[in-house]
Amino acid sequence: MDPQIEVLDLGASRLFRVKPGRPSFAAEVAEVWAYRELLFFLVWRDVKLRYKQTVLGALWAILQPFVAMVIFTIIFHRFAGIKAEYHVPYPLFAFAGMLPWLYFASCLTQSSTSIVGNSALVTKVFFPRLIIPLASVVGPLIDFFLAFVVLVGMFLWYGRIPHWHVIVTPFFLALALLTALGVGLWLSALNVRYRDVPYVIPFLTQIWFFATPVVYGLESVPLKWRSIMALNPMTGVIDGFRWAVLGRGVPHYHVFAISAVVSILITISGLWYFKRVERHFADVI
Amino acid sequence: MFAIHAEKLSKEYRIGQLAGGYDTLRESINRGVSRLTHRAPAVSGETVWALKDVSFEVEQGEVLGLIGRNGAGKTTLMRLLGRITEPTSGYADIRGRVGSLLEVGTGFHPELTGRENIFLNAAILGMRRSDVTRRFDDIVEFAEVQKFLDTPVKRYSSGMYVRLAFSVAAHLEPEILLVDEVLAVGDAEFQKRCLGRMESLGRSGRTVIFISHNMPLVARLCSRLVLLEGGELIADGPTEEVIGRYLVSQSGSSAVRTWTAEDAPGTDSVRLRAARVVGETEATTEVVDVSETAGIEIEFEVLREGPEFVPWIDLYNEAGTLVFSALDNDAAWREPRRPGRYATTAWIPPHLLNEGSIVVSLSLKTFAPGRKPIRQAEFDSALAFQVVDRGEAGSSSRGDFAGRMAGTVRPLLRWTTRTEAADGLLVRHDRG
């Protein structure tokens, strides 16, 4: 007998019943928790592969928002005359808006194809499927933090000190993650059945970008339109993130509140849809 | 105590789903529209039961073989037990963690190194990082990839790749291990270690379910088999019995065949009436060990005195190759037989046939001088049986080698060695 193998006492093992129908939500959460190491490894794999296969690696995370900031400053600020808000120079304003936006956009791209992209896993092994879209909204956080370092550098460059309410930044980041997860759940699950999704993404991202105050500020939007714009949860995320990071200025609390509620609704509905179809993933994919 | 208890497990697929059926948005919209307008019929409701009312129980520590043709439902059953997909109806109670090894190297990424893939693969198979760290050296040693740990696996040979993948899974040690026919790959030496590992897992109280088409391998590893056909469980029992059933379903032939007076093949002078495969004790058997004698018994009826009738057998292996032909060369039968019933048995010596299934064709021939023999009564693929090698290590020509011996025959040879050893002690060795 192989001495390496421990003798098993099966009596101590838990009993599980494979049966039709969905497991309870609590059971699902417990399962995701049990597989948290897999979440870590999937994120680690995606990040590692990206940095392994690209020449510039981590530099892309910085280059992308930086170049965008330069272009926005020239075109939207200089040429089109769009003003910065929160009493900061336009480059800082644009950069602070680009960070959460780029995070969100890269989550959309990655999560939408995540289930289909991992079909080899989905059809061969069991693990809570939720882990996959979850991993694709956690991974882009790395890029976000790298770019955040540049934001800190820009603060130093402009000789500014953040306001005390910078401490609520994590709240808006969490809201960005929640929104990305909610949309990602919908898109990843829809993509299993409808392979049109990847074609829709660039289009969707572009429209969404202009519907969100990234190059412009919320103050330039007429008051009565702001609540409607806040139905786009990214409005609250980006305006809130700017307010928290840049300081000085009037926070649009009702915008934050509306966006937060919409974001939660998207996530709940996304979870509902994902849970409804996930048991057929292995059959359909 | 049971490890798995399945009760009427069933899985239904829509035909389209099996053909990789994802829709485009357009199709779905069209469908929705036609449903609204009631003009076109809804989606074709054609479904197929990949698995139907399958019930069985597996005891803790059992190594169970799951056999059946392609499309019989083996993989579907594994996927249900492994929770990859869910049943349409029925249920299965499973005690303990299930590790499914439906494919070698699930989740391996070609760009990552061996070391990285070990951790990734282990996490995918549900192993804790602390366990992987603890077992890391064992995994690497078992796979024999020490030198290439930091090389991306895309540069591995296929053998190395398979060894590493199996090694991770083999060290997973779940309470229940589901293994698809992944052992068919890899070199013989590695296969041997994989089998050894699976046997040890069984002895330590782990339950192993093994899917395979490879009857000799199944016979060696499992004491009990479950046979699926068309999604239904058609046999569950000791290995020999179930292999027999499998042969029947596979070739349409079994170890016994009888003919009634009406359908008996032959002429009005002679007719075949029955045939069977027997073991040394003359009991009918479907499974014969390589190191045992087997007999092919032919029963025929001579209706009237006429020409001579010589029993003739042709044995074919799985590949359809004629292994040998033989005839009853007793001079007594070169004369006309008296009417009556005859039962003749051809005894096949041990250590002749190789592992695998054997199909037997029968005939009774008349030898006319200077002409081709005349077949008086014949029946192709009349019988089938399975040759296995489950003897204790060393009793057959395989010795303690666990791999498959290729070839049409499996003779047990006498080997002699002459040496000029430096110490002059051993000059001749003759095991015989």
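Out of B:131, B:93, B:137, B:150, which single residue is within 22 Å of residue A:135 (Cβ to Cβ) and more than 25 Å from the chain's Cα centre (by Cα)?
Values: B:93 fails: within 22 Å of residue A:135 (Cβ to Cβ); B:137 fails: within 22 Å of residue A:135 (Cβ to Cβ); B:150 fails: within 22 Å of residue A:135 (Cβ to Cβ).
Just a single option satisfies the conditions, and that option is B:131.
I'm checking my understanding of the structure. Among residues of the stretch B:216-230 that are buried (at least 22 other Cβ atoms within 10 Å of the Cβ) and modelled with pLDDT of 85 or more, which one is farthest from residue B:274 (Cα to Cα)?
B:222
Would you say residue B:371 is surrounded by fewer than 20 Cβ atoms within 10 Å (Cβ to Cβ) and within 18 Å of residue B:218 (Cβ to Cβ)?
Answer is no for this residue.
Given the residues B:380, B:423, which is the only one that is out of contact with any Lys or Arg (no Cβ under 9 Å at 6 or more places or on another chain), within 21 Å of residue B:253 (Cα to Cα) and at pLDDT below 90?
B:380
Name the single residue that is nearest to residue B:358 (Cα to Cα) among those in the stretch B:280-339 being in contact with a Gly (Cβ under 7 Å, 6 or more places away or on another chain) and hydroxyl-bearing (Ser, Thr, Tyr).
Going through the qualifying residues, I end up with B:285.
Residue B:281 is checked against (1) assigned to a loop (DSSP other than H, G, I, E, B); (2) under 28 Å from residue B:351 (Cβ atoms); (3) in contact (Cβ under 8 Å) with a residue 12 or more places away in the chain and fails just one. What number does that condition carry?
(3)
Report, by residue number, each residue of the stretch B:228-263 that is touching a residue at least 60 places away in the same chain (Cβ under 8 Å) and aliphatic (A, V, I, L, M).
Correct list: B:228, B:233, B:242, B:243, B:247, B:248, B:255, B:256.
Can you find even one residue in the stretch A:22-41 that is within 15 Å of residue A:121 (Cβ to Cβ), within 8 Å of chain B (Cβ to nearest Cβ), in contact (Cβ under 8 Å) with a residue 24 or more places away in the chain and in a helix (DSSP H, G or I)?
Scanning the stretch A:22-41, I find at least one residue that is within 15 Å of residue A:121 (Cβ to Cβ), within 8 Å of chain B (Cβ to nearest Cβ), in contact (Cβ under 8 Å) with a residue 24 or more places away in the chain and in a helix (DSSP H, G or I), so the answer is yes.
Just checking, which of B:83, B:69, B:79, B:39 is buried (at least 16 other Cβ atoms within 10 Å of the Cβ), part of a loop (DSSP other than H, G, I, E, B) and either modelled with pLDDT of 90 or more or among the basic types (Lys, Arg) (or both)?
Result of the check over B:83, B:69, B:79, B:39: B:83.
In the stretch B:330-371, what residues are without any contact (Cβ under 8 Å) to a residue 60 or more places away in the chain, in contact with a Pro (Cβ under 6 Å, 6 or more places away or on another chain) and not hydroxyl-bearing (Ser, Thr, Tyr)?
Of everything in the stretch B:330-371, those that are without any contact (Cβ under 8 Å) to a residue 60 or more places away in the chain, in contact with a Pro (Cβ under 6 Å, 6 or more places away or on another chain) and not hydroxyl-bearing (Ser, Thr, Tyr) turn out to be B:365, B:367.
Which one of these does residue B:385 not meet: (1) in a loop (DSSP other than H, G, I, E, B); (2) on the phi < 0 side of the Ramachandran plot; (3) not basic (Lys, Arg)?
If we test residue B:385 against (1) in a loop (DSSP other than H, G, I, E, B); (2) on the phi < 0 side of the Ramachandran plot; (3) not basic (Lys, Arg), just (1) comes out false.
Take the residues of the stretch A:213-238 that are among the polar types (S, T, N, Q) and at pLDDT 95 or above: which is surrounded by the fewest Cβ atoms within 10 Å (Cβ to Cβ)?
A:232
Can you find even one residue in the stretch A:204-212 that is within 16 Å of the chain's Cα centre (by Cα), polar (S, T, N, Q) and not in a helix (DSSP H, G or I)?
Yes: one or more hits.
What number of residues within the stretch B:306-322 satisfy the criterion of being closer than 21 Å to residue B:273 by Cα and assigned to a loop (DSSP other than H, G, I, E, B)? Reasoning before the result, please.
Taking the stretch B:306-322 as the starting set, the residues that turn out to be closer than 21 Å to residue B:273 by Cα are B:306-315.
Within this subset, residues satisfying the condition of being assigned to a loop (DSSP other than H, G, I, E, B) are B:306-309.
The number of residues fulfilling the criteria is 4.
Could you grab me the full set of residues in the stretch B:81-111 that are more than 7 Å from chain A (Cβ to nearest Cβ) and within 26 Å of residue A:53 (Cα to Cα)?
B:104, B:105, B:108, B:110
Is the stretch B:243-251 home to any residue that is over 14 Å from the mean Cα position of the chain (by Cα), of a type in the set (Lys, Arg) and either surrounded by 16 or more Cβ atoms within 10 Å (Cβ to Cβ) or closer than 13 Å to residue B:379 by Cα (or both)?
No: the stretch B:243-251 contains no residue that is over 14 Å from the mean Cα position of the chain (by Cα), of a type in the set (Lys, Arg) and either surrounded by 16 or more Cβ atoms within 10 Å (Cβ to Cβ) or closer than 13 Å to residue B:379 by Cα (or both).
Got a sec? Which of A:187, A:173 is aliphatic (A, V, I, L, M), over 14 Å from residue A:97 (Cα atoms) and modelled with pLDDT of 95 or more?
Answer to the selection: A:187.
Would you confirm, using the coordinates I've provided, whether residue B:263 is under 15 Å from residue B:379 (Cα atoms), charged (D, E, K, R), out of contact with any helix residue (DSSP H, G or I) (no Cβ under 8 Å at 6 or more places or on another chain) and not in a strand (DSSP E or B)? Full working, then the answer.
Numbers: under 15 Å from residue B:379 (Cα atoms): yes; charged (D, E, K, R): yes; out of contact with any helix residue (DSSP H, G or I) (no Cβ under 8 Å at 6 or more places or on another chain): yes; not in a strand (DSSP E or B): yes.
Yes: the conditions hold for residue B:263.
I'd like the full set of residues that are surrounded by fewer than 21 Cβ atoms within 10 Å (Cβ to Cβ) and within 12 Å of chain A (Cβ to nearest Cβ), limited to the stretch B:203-215.
Once the filter is applied, which keeps residues that are surrounded by fewer than 21 Cβ atoms within 10 Å (Cβ to Cβ) and within 12 Å of chain A (Cβ to nearest Cβ), the stretch B:203-215 yields B:203, B:204, B:205.
Tell me the residue from B:291, B:361, B:325 that is surrounded by fewer than 20 Cβ atoms within 10 Å (Cβ to Cβ), among the small types (Gly, Ala, Ser) and in a loop (DSSP other than H, G, I, E, B), please.
B:291
Among (1) more than 20 Å from the chain's Cα centre (by Cα); (2) closer than 27 Å to residue B:250 by Cα; (3) crowded, with 16+ Cβ neighbours inside 10 Å, which single condition is residue B:397 missing?
(2)
The values are calculated or read from the model by the stated rules, or taken from the named source; none is laboratory data. What you see is a predicted model; the values in this text were computed from it and never measured. Glycine gets a Cβ as well: all are built from the backbone with ideal geometry, and neighbour counts include every protein chain shown.
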